[in-house]
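Sharing a structure below in structure tokens format, with a few things to ask.
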Amino acid sequence: MNSLIPLLVAAPLAGAALLLLGGRALDRFGHWLATGLAALSFGFGLVLFSDLLGRDAEHRTVTTRLFSWVPVNGFQADVSFRLDQLSMTFVLLITGVGTLIHLYSVGYMAYDERRRRFFAYLNLFLAAMLLLVVADNYLLLYFGWEGVGLASYLLIGFWQHKPSAATAAKKAFIVNRVGDLGLSIAIMLMFAEFGSFAFGPVFGGASGASEGKLTAIGLMLLLAACGKSAQVPLQSWLGDAMEGPTPVSALIHAATMVTAGVYLIIRSSAIFDLAPDAQTAVVVVGAVTLLFGAVVGCAKDDIKKALAGSTMSQIGYMVMAAGLGPIGYAFAIMHLVTHGFFKAGLFLGAGSVMHGMNDEVDMRRYGGLRKYMPWTYRTFAVGYLAIIGVPPLSGFFSKDKIIEAAFAKGGTEGWILGLCALVGAAVTAFYMTRVMLLTFFGEKRWQPDAQGNAPHPHESPSTMTVPMVLLALGSACAGGIFAYHDAFLKWLEPVTGHSEGNPPFGSWTVSGLTTACMLAGVGVSYLMYGRSPVPVVPPVGSPLTRAARRDLLQDDFNHAVLVRPGSALTATLVFFDSRGLDGFVNGLAATIGGLSSRMRRVQNGFVRSYALSMFGGTLLLVASTLLVRSF
Amino acid sequence: MSATAVLAAAGGNTASIPAPHIEYGQLSPMLVVFGAAVAGVLVEAFVPRRLRHWTQVSLALVALIGAFVAVVVLAAQGHGSPRIDLLAMDSVALDGPALFLQGVILLVAVVAVLTYAERRLEPRAGGLPADAFAAQAAATPGGEQERAAVRAGFTTSEVFPLTMFAVGGMLLFPAANDLLTMFVALEVFSLPLYLLCALARRRRLLSQEAAVKYFLLGAFASAFFLFGTALLYGYAGSVKLGDIADVISGKAMTTAAQLSTTQSDALLLTGLAVLAVGLLFKVGAVPFHSWTPDVYQGAPTPVTGFMASATKVAAFGAFLRLFYVAFPGLRLDWRPVMWGVAILTMVVGAVLAVTQQDVKRLLAYSSIAHAGFILTGVIAVNKQGLSSVLFYLLAYSFVTLGAFAVVTLVRDSKGEATHLSSWAGLGRRSPLVAAVFALFLLAFAGIPLTSGFTGKFAVFQAAAAGGATPLVVVGVLSSAVAAFFYIRVIVLMFFSDPKPGGPTVAIPSAFTATAIGLGVLVTLVLGVLPQYFLDLASKASLFAY
């Protein structure tokens, strides 16, 4: 059974290689090949899952070593895999949602002339992401981490003819580099401290390490998580990443890759549990991002960017939960999975809308689409109800648990976090209702574009609607299944551990509060966007709205704090380089060149001069030989 | 047996001169090559013109490969290492360095003959394929007779026997165990080269001028060599290297030596210095280098490639034998002087190359700089120095041959386009040829993963171990200067726009392609997996005394 684990990764990897190297011969059926291999990987995942279920809860960690990767004395890195409840959950999410999105892309990318390449990149992403979650050491995890970064870069910039897409891809890549640097430093610190970066020795040795070192490692891991999961302060790339094709936004920038940071934190729980300061930092980052993303989501008129803000905010919930320690680990993962369903569904819905609307993304130019796209409307509505947390849909169970856990943290901290989470729930309800109303309700606001082509909204083909329906099913039911007798908690507990904390009030109270906040958000939104017609041209808005439209000035901040001093530093270095170093080097080169031209004149072509120089040389040689002896 | 003993024996019995004892089997590499050279002359006389080219090419290749097989067989039988013999009345040594260098020279000659045999680059003359050599050497350049010869499709297939004679001399040169044999070998390989230089098909005047210069200066240098031989004979009473070493170390005594010790060894030291001049001329060391650029430029490019590689191998072989066998006792005297020569050679070669505008002249100055690098290894006077020089010669000769072979491909209507400006943008039009040339340039510059790096590293390491660290510093600095002009050519080829109406890259026949391919192969193998060859050179580094 263990031998199936490498195959999980190998199937999509083979797909990527085949499609990239196979050439035009694969153009006709390459997309089906890629989808098939993703499904195959999902099949392997299911087999492994049933195998794990057949074991005792304590014996569900399976490791297998493929080969020695870096066999250096004292520095041993293996390609070895670990499959436990945590990575199993991810494997099923990645391959399951991944397969559905492959299927969706068959319809979505049907007319793209570089379709084969797109599917190759998707398969590459799957392989790297699976490697990330089944790796048994941090170095291999890092390999997968960089692999998903590469795939993300390639897919964001997939429509490279658009300068905005190329820029967005670069932005994502560069911001991620900052986070990746954190991960590499964390790995180095681990190696220095534990002499290894395999999970076993690191987690086993954590209790013997000083808290300061663990905090340092934890903070570096957090930095890595911030980069990959678009958390404040490394959040700026996610909005721009929406330049990629919508299936990419759904798979990579909503359901899977951006949750890798949460995985990293929870996987390293042994370190964070012993480094309370690092944990506090995690909680703060999560709470801030939760509100930050929600506020941004409220102001965006671009449907994908509104959803991107929402993603940021929902991952904020997960990171916050992960920072709560054993109280929250399981719930972070649970929310991660349910979010994977409903957010992927919402993005696919958005893609379907764009597909029918000539790639229009401005929600102010939608309106009343529910009649034209019934299936898109229905599935989107399920995703909407799930994300705002309407019982008994998925989001209700998972978000409710996180809010409960935040309060259970206890003390002032617990109250602050709990209130943040409640406010976040209200704002989530507000902006999602806004998206829903602007898109599917109200009157038609679409207009002919610059070329005079009026959109003819229509339902998407079945390759697109079927995945949406399946994801809607998941969004509706997953939460209930997970929460039934705490099934999910019991499944994950052997890996993550669990403790109840000290909740200040019962879980029904929390549920009531959450539902009240949600209803308030929906109500306000309805008053603002449902009752009165929506202007096609956005109103000026309050200063906060304007700031939120600009992503709360994140780019201005980065520009002022990082780009400008960086450019100034570079300019200074260039100045010293060109005046100082280059001056020296060029001077030296000029001296040698001048010497060369002067010496060339001796080479005048006359054999008599050559003979003379030989004769002179001989005299010199004889004289110096004699002279040496006389010393 | 010393010369006086022979005279005494002759005086005792006037009726019979004892026949010299010749070990034919162990001398077979040289005998095969010389035999083929003589046969080549007969081919010129008796084989019909149409068949001559192919007959000569096959004869030369078969003889060279046969001789190489003989070298390998000798080595496999244990000659060279561990068995060391003196052959032909002690005048020829059969030891590790001799066999190693003979093997290198033979391989180099095989590749050179391949480039000689190329007949697809030149436009056909008189309806017949033409090679790189003059239609009729004796005709006045540009004259009616020459035009007639071209129209008739004449070719100078004498180049093959001439080259074989030169190769024979080169095989003998590093193996010669006495100064007279060495001198004979020097002349045997030099005279054909003078002739070969004059045989370029294009730019006849330049070619003839190069040949005359080379001949005059070469004769001058040979005279020095002979003069040095005479002085040393006067000092030691023998021309055998071993005897000279014995006299210097005091094991044997002669009257002249006894006198010299009281008169500060002027005879010995002057002889040594003057002898060195003859060899330094052949390797192209400063200040005896001035012929190099003119001759390299004027000679037919295949000949230049052969000369630049094989002559250097043979001359450094003799140089090593002379200084490691005859004069190790004098190293305190000659090392400081050779230090100066090596430094001058490296610096002048590298600096002068910076402003060259012609590819062949550039490679000529580069060869001067490389002679300096090799000298640093020679100066080490230890086993490591010897083996590193052997390795360097192997590595350098194949890079050189390959580079000159590439030069023959880049052509315009006037023949080879050797001016650097016409190489601009070559990488855009002929990426493969430009990439191969870039590889050779990188090897010259000593960039890792090429043979040049391994060789340079080996000689500098040996020099440093031999206590010549300042020399190594100068060597590394001149390498840096040298890297400038090598990389300048790469930049020119790949990052400049091609000139309109610039040269084209001719498609060669399998001969040149094989020659270049072998150059690339050796360059990469010696750069990536050098250990076997380093071990071989190390195993071969013991001279016969």
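Counting C-alpha atoms alone, how compact is segment A:328-372: give Rg to one decimal and Dmax as a whole number, in angstrom.
14.7, 43
Looking at the square roots a ≥ b ≥ c of the eigenvalues of the Cα gyration tensor of segment A:100-205, which shape do they give, rounded for a/c under 1.5, prolate if a/b is larger than b/c, or oblate?
Oblate is the answer for segment A:100-205, as a/c is 1.5 or above yet b/c matches or exceeds a/b.
From zero outward in steps of 5 Å, how is the percent of C-alpha pairs of segment B:133-176 spread across the bins?
Going from the shortest bin to the longest, the percentages are 5, 22, 19, 13, 12, 10, 9, 6, 4, 0.
Can you send over the carbon and sulfur percentage of the accessible area for segment B:330-539, probe radius 1.4 Å, protein chains only?
Of all accessible area on segment B:330-539, carbon and sulfur atoms account for 74 percent.
Given Cβ point charges of +1 (Lys, Arg) and -1 (Asp, Glu) and nothing else, what value in debye, to the nearest 20, does the dipole of segment B:345-471 about its Cα centre take?
It comes to approximately 140 debye.
Given charges of +1 on the Cβ of Lys and Arg and -1 on the Cβ of Asp and Glu, with all other atoms neutral, how large is the dipole of segment A:500-598 about its Cα centre, in debye to the nearest 20?
340
Continuing with this model, one more query. Step through the residues of segment A:537-550 one at a time and calculate ³J(HN,Hα) from phi using the Karplus curve (6.51 cos²θ - 1.76 cosθ + 1.60, θ = phi - 60°), rounding each to whole Hz and writing x for Gly and Pro.
Couplings: 8, x, x, 4, x, 6, x, 5, 4, 5, 5, 5, 4, 9 Hz.
What is the dipole size for the protein assembly as shown, taken about its Cα centre, with +1 at each Lys and Arg Cβ and -1 at each Asp and Glu Cβ, in debye to the nearest 20?
Using only the charged Cβ atoms, the result is roughly 2540 debye.
Given just the C-alpha atoms of segment B:264-310, how large is their convex hull per residue in cubic angstrom?
67
Right, something else. So for segment B:15-90, Kirkwood radius off the Cα pairs, Stokes-Einstein at 4 °C and 1.567 mPa s: how many µm² s⁻¹?
Translational diffusion coefficient: 90 µm²/s.
Spelling out what I want: for every residue of segment A:328-338, take phi, set θ = phi - 60°, compute 6.51 cos²θ - 1.76 cosθ + 1.60 (Karplus), and round to whole Hz; glycine and proline get x.
Going residue by residue, I get x, 3, 5, 6, 4, 5, 4, 5, 4, 6, 5 Hz, with x marking Gly and Pro.
OK, next. What nm value, rounded to one decimal, do you get for the distance between B:PHE484 and A:ILE174 when each label is placed 7 Å out toward the C-beta?
If labels sit at B:PHE484 and A:ILE174, their model points lie 3.5 nm apart.
Moving to a separate point now. Using only the alpha carbons of segment A:77-144, what is the convex hull's orientation-averaged projected area in square nanometres?
Mean projected area for segment A:77-144: 4.8 nm², to one decimal.
While we're here: Are there trypsin sites (Lys or Arg not before Pro) in segment B:354-449 that DSSP marks as loop and that have at most 15 other Cβ atoms within 10 Å, and which are they?
B:LYS414
Here's a follow-up. Apply the Karplus curve 6.51 cos²θ - 1.76 cosθ + 1.60, θ = phi - 60°, to the phi angles in segment A:145-156 and return the couplings in whole Hz, x for Gly and Pro.
Couplings: 4, 5, x, 5, x, 5, 4, 4, 4, 5, 7, 4 Hz.
Can I ask one more? Whenever you get a sec, compute what percent of the accessible area on segment A:349-454 sits on carbon and sulfur atoms (1.4 Å probe).
C and S atoms contribute 58 percent here.
Which shape class applies to segment B:475-527: rounded if a/c is under 1.5, otherwise prolate when a/b exceeds b/c and oblate if not, where a ≥ b ≥ c are the square roots of the Cα gyration tensor eigenvalues?
Taking the square roots of the gyration eigenvalues as a ≥ b ≥ c, segment B:475-527 is oblate.
Summing both sides, how much accessible area is buried between B and A? Use a 1.4 Å probe and give Å² to the nearest 100.
Buried area (both sides, nearest 100 Å²): 2700 Å².
What's the extension gain from A:ASP277 to A:LEU553 if we count 0.36 nm per residue and subtract their Cα-Cα distance?
Gain on stretching A:ASP277 to A:LEU553: 96.5 nm.
With bins 20 Å wide starting at 0, give me the P(r) of the protein assembly as shown over every alpha carbon pair, in whole percents.
Whole-percent P(r) values from 0 Å outward: 11, 29, 21, 21, 15, 3, 0.
I'd like to check one number: the per residue accessible area of segment B:330-539, probe 1.4 Å, reported in Å² as a whole number.
About 34 Å² of surface per residue is accessible.
Report which residues of segment B:346-377 become buried by 40 Å² or more of accessible surface when going from the isolated chain to the complete set of protein chains (1.4 Å probe; DNA, RNA and ligands ignored).
B:VAL351, B:LEU352, B:THR355
Tell me the net charge near B:LEU375. Cut-off is 12 Å between Cβ atoms, B:LEU375 excluded, with +1 for each Lys or Arg and -1 for each Asp or Glu.
+2
Compute the angle between helix A:211-228 and the longest alpha-carbon principal axis of chain A, please, reported from 0 to 90 degrees and rounded to the nearest 10.
Result, in degrees: 80.
I need the P(r) histogram for segment A:1-129: all alpha carbon pairs, bin width 10 Å from 0 out to the longest distance, whole percents.
For segment A:1-129, the pair-distance distribution reads 13, 38, 28, 17, 4, 0.
For segment B:279-294, list whatever residues lose no less than 40 Å² of accessible surface once every protein chain is in place, relative to that chain by itself, with the probe at 1.4 Å.
By number: B:PRO287, B:PHE288, B:SER290.
Which value results when the Cα radius of gyration for segment B:452-497 is divided by 2.2 N^0.38 Å?
1.49
A further question follows. Quick one: what do you get for segment A:239-280 if you divide its Cα Rg by 2.2 N^0.38 Å?
Normalised Rg, Cα atoms only: 1.59.
Sticking to Cα atoms, compute the Rg of segment A:200-357 to one decimal and its Dmax as the biggest Cα-Cα distance, whole number, in Å.
Reported Rg and Dmax, both Å: 16.2, 60.
Just how many % of Cα pairs in segment B:330-539 lie over 28 Å apart, if you round to the nearest whole percent?
Tail fraction, whole percent: 29.
Calculate the spin-label point distance for A:PHE606 paired with B:ASP497, positioning each point 7 Å from the Cα along the beta-carbon direction, and give it in nanometres.
Those two pseudo-labels are separated by 4.4 nm.
Is the shape of segment B:86-165 rounded, prolate or oblate, going by the alpha carbon gyration tensor and its root eigenvalues a ≥ b ≥ c, with a/c under 1.5 for rounded and a/b larger than b/c for prolate?
Prolate, since a/c reaches 1.5 and a/b exceeds b/c.
Ranked from the most accessible area to the least, with a 1.4 Å probe and all protein chains present, what is the order of A:GLU58, B:GLU416?
A:GLU58, B:GLU416
Based on the Cα gyration tensor of chain A, what are the three equivalent ellipsoid semi-axes, each the root of five times an eigenvalue, rounded to whole Å and given largest first?
Semi-axes from the Cα gyration tensor: 51, 32, 26 Å.
Taking only the Cα atoms of segment A:537-629, how large is their convex hull per residue, in Å³?
Convex hull of Cα atoms, per residue: 207 Å³.
Helix A:303-323 versus the longest principal axis of chain A: what angle, 0 to 90°, nearest 10, using Cα atoms?
With both axes taken from Cα atoms, the answer is about 90 degrees.
Let me ask you something else. If I take all pairs of Cα atoms in chain B, what percentage of them are more than 32 Å from each other?
So the pairs more than 32 Å apart make up 42 percent of the total in chain B.
Ok, one more. With each run of n ≥ 4 DSSP H residues scored as -39500 (n - 2.57), what mean residue ellipticity at 222 nm is computed for chain A after dividing by its residue count and rounding to the nearest 500 deg cm²/dmol?
The helix-only estimate for chain A comes to -23000 deg cm²/dmol at 222 nm.
Can you tell me the alpha carbon radius of gyration of segment A:391-434 divided by the globular rule-of-thumb value 2.2 N^0.38 Å?
In units of the globular-protein estimate, segment A:391-434 measures up at 1.22.
What is the angle, in °, between the Cα long axis of helix A:411-440 and the longest principal axis of the Cα atoms in chain A? Nearest 10 is fine, range 0 to 90.
80
Considering Cα pairs under 8 angstrom that are at least six residues apart, work out the relative contact order of segment A:294-414 and quote it in whole percent.
28
Now a separate question. Could you check how much of the accessible area of segment A:194-300 is carbon and sulfur, as a whole percent, using a 1.4 Å probe?
C and S fraction of accessible area: 67 percent.
Per DSSP H run of n ≥ 4, the term is -39500 (n - 2.57); total these for chain B, divide by its residue number, and report the mean residue ellipticity at 222 nm rounded to 500 deg cm²/dmol.
The per-residue figure over chain B is -22500 deg cm²/dmol.
Taking a quarter of the surface of the convex hull around the Cα atoms of segment B:308-383, what do you get in nm²?
Average of the hull's projected areas for segment B:308-383 equals 5.1 nm².
Given the Cα-Cα distance of A:LEU66 and A:THR167 and 0.36 nm per residue of separation, how much length would full extension add, in nm?
Between A:LEU66 and A:THR167, full extension yields 32.5 nm more.
The values are calculated or read from the model by the stated rules, or taken from the named source; none is laboratory data. Note that the coordinates shown come from a computational prediction; the quantities given were computed from them, not determined experimentally. In this analysis, Cβ positions are derived from the backbone assuming ideal geometry, glycine residues included, and neighbour counts consider all displayed protein chains. Note: accessible area is taken over every heavy atom of the protein model, side chains too, but ligands, DNA and RNA are not part of it. Shrake-Rupley method; radii C 1.70, N 1.55, O 1.52, S 1.80 Å.
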